[in-house]
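One structure is given below, encoded as structure tokens.
The values are calculated or read from the model by the stated rules, or taken from the named source; none is laboratory data. This structure is a prediction, so every number in the text was calculated from the model and none was measured. Here the Cβ is made from the backbone with ideal geometry for all residues, glycine too, and neighbour counts use every protein chain on show.
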Amino acid sequence: MLDDARLTEIIEPVVTAAGFTLYDAEFRGPSLLVMVDGPNGINLDQVASISRKRSRQLDERDPIP
């Protein structure tokens, strides 16, 4: 399983490129929890966009066995 530091290394560039701050990224059981926020908050469309981009990054690097 991927450690939290490596997970952050993969996800943080996606989040910051979208103009947000990554506060936490960790696995909780089979789920991936990613906590982000921005200066004006974050709406559902922005969450969805980050999630899609993050998923592509994780798929490309295939860090999850």
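Computed quantities for the displayed model
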read-out	value
Number of positions in the stretch 48-57 that are farther than 10 Å from VAL14 by Cβ and modelled with pLDDT under 95	0
First in the stretch 48-65 and under 14 Å from THR16 (Cα atoms), second anywhere and at pLDDT below 90 and loosely packed, with under 12 Cβ neighbours inside 10 Å, Cβ under 9 Å, 6 or more apart	none
Single residue of the stretch 30-44 satisfying the filter (over 11 Å from ALA18 (Cβ atoms) and not in a strand (DSSP E or B)) that is modelled with the lowest pLDDT	PRO30
Hits in the stretch 1-23 - residues which are at pLDDT below 95, exposed (fewer than 14 other Cβ atoms within 10 Å of the Cβ) and not in a helix (DSSP H, G or I)	MET1, ASP3
